[in-house]
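Peer 1: Quick one: the structure is below, and I'll ask about it shortly.
The values are calculated or read from the model by the stated rules, or taken from the named source; none is laboratory data. Note that the structure is a prediction, hence the values are computed from the model and not measured. Virtual Cβ from ideal backbone geometry, glycine too; neighbours counted across all protein chains shown.
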Amino acid sequence: MSIVQKSIPFPPIRLEKIVNYLLYIKDRSASVQELKDCKIDFGRGRGDITRFLLQIGIVESEGSRIKLSNIGKIFTLFLKDGKPSIMFKILFNNYMIDRVLTYRVLIETLREFCRADFENLYLAMNENLKKISPSLWINKVAYRSLIMLANDLEILEKRGSTLTYVGHYDKVKTIVNLCIVSHRDVTYLDLDKLCEMLGFLEKNLLLKIVSEFLVKVRSPSAIELFRVRDIEGLICRLCSVTVFEVMKFSSPE
């Protein structure tokens, strides 16, 4: 269920800053002052990153301290060696689209154009915001920050002043193709390899998410193999996974 919020301001932060923040409080809580002293956060009051992550529900306050919410804990599962996996980027992009209206409108507007100049996209985005509500508007600083985050998430590509919507489909398709193996002219999907390349810690979790597209078969080796019913459907499914689905499938049955 979408719970897009209209009034969330977007601070000038890159994905790396958000990842460092999540890693810092992964296994403990921290005070706002501690986060600032360690250069994990910045800005007035609670800090720009803390305030933003509180608003979208990735962290929560416990008295004077900040800790990960259950949603935030799910995101940390997809950080590999301190870096965001491709599945982290897919999940975070989908979460931002669901939670932050300006981000959603940015992505939808660019997808309509496929390719657009920085200034023209800014004007078009504000026009689309006005269609939702005459009072909605995004300033240039927040717009630029959203562009940087979308670029970090590999949902768009920026070359000079030209922005191109790329999405995650081609990236995931390449990964899936690399996990296809052949035996006696029959193709199979190596789920262990797919799990590793996407950034899943648990193969069973990935299997639950995409089970409708797979058929388990007897393996000609020690590797557990699956036939794919619909490879395009599998790719689209992986690109559309949400953090809420991961939470659901991670819960004990």
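Peer 1: Test each condition in (1) more than 24 Å from the chain's Cα centre (by Cα); (2) in contact (Cβ under 8 Å) with a residue 60 or more places away in the chain for residue 171 and report the one that comes out false.
Peer 2: (1)
Peer 1: A follow-up question, please. Please specify each residue of the stretch 146-177 satisfying the condition of being more than 30 Å from residue 188 (Cα to Cα), of a type in the set (S, T, N, Q) and at pLDDT 95 or above.
Peer 2: 151, 162, 164
Peer 1: A further question follows. Identify all residues within the stretch 1-40 that are within 21 Å of residue 70 (Cα to Cα), in contact with a Leu (Cβ under 9 Å, 6 or more places away or on another chain) and modelled with pLDDT under 90; write none if there are none.
Peer 2: Once the filter is applied, which keeps residues that are within 21 Å of residue 70 (Cα to Cα), in contact with a Leu (Cβ under 9 Å, 6 or more places away or on another chain) and modelled with pLDDT under 90, the stretch 1-40 yields 4, 5, 8.
Peer 1: Please specify each residue of the stretch 94-134 satisfying the condition of being at pLDDT 95 or above and either in contact with a His (Cβ under 7 Å, 6 or more places away or on another chain) or among the small types (Gly, Ala, Ser) (or both).
Peer 2: If the condition is that a residue be at pLDDT 95 or above and either in contact with a His (Cβ under 7 Å, 6 or more places away or on another chain) or among the small types (Gly, Ala, Ser) (or both), then 116, 124 are the ones that fit.
Peer 1: OK, next. Every residue in the stretch 9-57 that is out of contact with any Ser or Thr (no Cβ under 6 Å at 6 or more places or on another chain), surrounded by 15 or more Cβ atoms within 10 Å (Cβ to Cβ) and charged (D, E, K, R), please.
Peer 2: The answer is 17, 34, 36, 46, 48, 51.
Peer 1: Also, I was wondering about something else. Looking for something over 16 Å from residue 86 (Cα atoms), touching a helix residue (DSSP H, G or I) at 6+ places or on another chain (Cβ under 8 Å) and of a type in the set (Val, Ile, Thr) - is there at least one such residue anywhere in the stretch 182-196?
Peer 2: No, the stretch 182-196 has no match at all.
Peer 1: Something else now. Would a scan of the stretch 111-132 turn up a residue that is in contact (Cβ under 8 Å) with a residue 60 or more places away in the chain and crowded, with 19+ Cβ neighbours inside 10 Å?
Peer 2: no
Peer 1: Taking into account only those residues within the stretch 178-200 that are surrounded by 15 or more Cβ atoms within 10 Å (Cβ to Cβ) and aliphatic (A, V, I, L, M), which is modelled with the lowest pLDDT?
Peer 2: Filtering first and then ranking leaves 181.
Peer 1: Which fully enclosed helices (runs of 4 or more DSSP H) of the stretch 1-92 have 3 or more residues being in contact (Cβ under 8 Å) with a residue 24 or more places away in the chain?
Peer 2: Answer list for the stretch 1-92: 15-24, 48-55, 70-76.
Peer 1: Here is a follow-up. State yes or no: is residue 166 free of Cβ contacts under 8 Å to residues at least 24 places away in the same chain and surrounded by 13 or more Cβ atoms within 10 Å (Cβ to Cβ)?
Peer 2: yes
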